[in-house]
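Single-structure report; data block below.
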Amino acid sequence: MPKIVFLPHEKLCPEGMVVEAKKGETILDVALANGINIEHACEKSCACTTCHCIIREGFDSLEPSDELEDDMLDKAWGLEPESRLSCQAHVDDEDLTVEIPKYTINLASEQH
């Protein structure tokens, strides 16, 4: 089974974490199942950027992003060439190293 290394994140997983994932699961679902509460304001429908992550290792093993995901990513804070929406990135056979950005853009929570 592939592993996902979540790099340390000040609030979500201060020590970092290494977890097993099943092929076909999204990075977001793996994170949530292991207590890493990555924000997902649109409920995994590819309609926001709150679950943005950066794939530090294993990026090429992921299926390419589609046009909708690319359009959403263009709005993400801290966008990098290896950025993905964790609700859309499905684990394949390779291990991944994932960084959760320090900031996210959540228009729903910022309007209150």
Amide H proximity to GLU25 below 5 Å, modelled H, separation 5+ or other chain, gives VAL91
With +1 on the Cβ of every Lys and Arg and -1 on the Cβ of every Asp and Glu, the dipole magnitude of the chain about its Cα centre, in debye rounded to the nearest 20, is 460 debye
Once GLU43 and LYS75 are pulled to full extension, the length gained, defined as 0.36 nm per residue separation minus their Cα-Cα distance, is 9.8 nm
Only helices counted: for the chain, with every DSSP H run of 4 or more residues adding -39500 (n - 2.57) and the sum spread over all residues, [θ] at 222 nm is -3500 deg cm²/dmol
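Coordinate-derived values only; no laboratory data. Since the model is a prediction, treat every value here as computed from it, not as a measurement. Cβ coordinates were reconstructed from backbone atoms using ideal geometry, including for glycine residues, and neighbour counts include every protein chain displayed.
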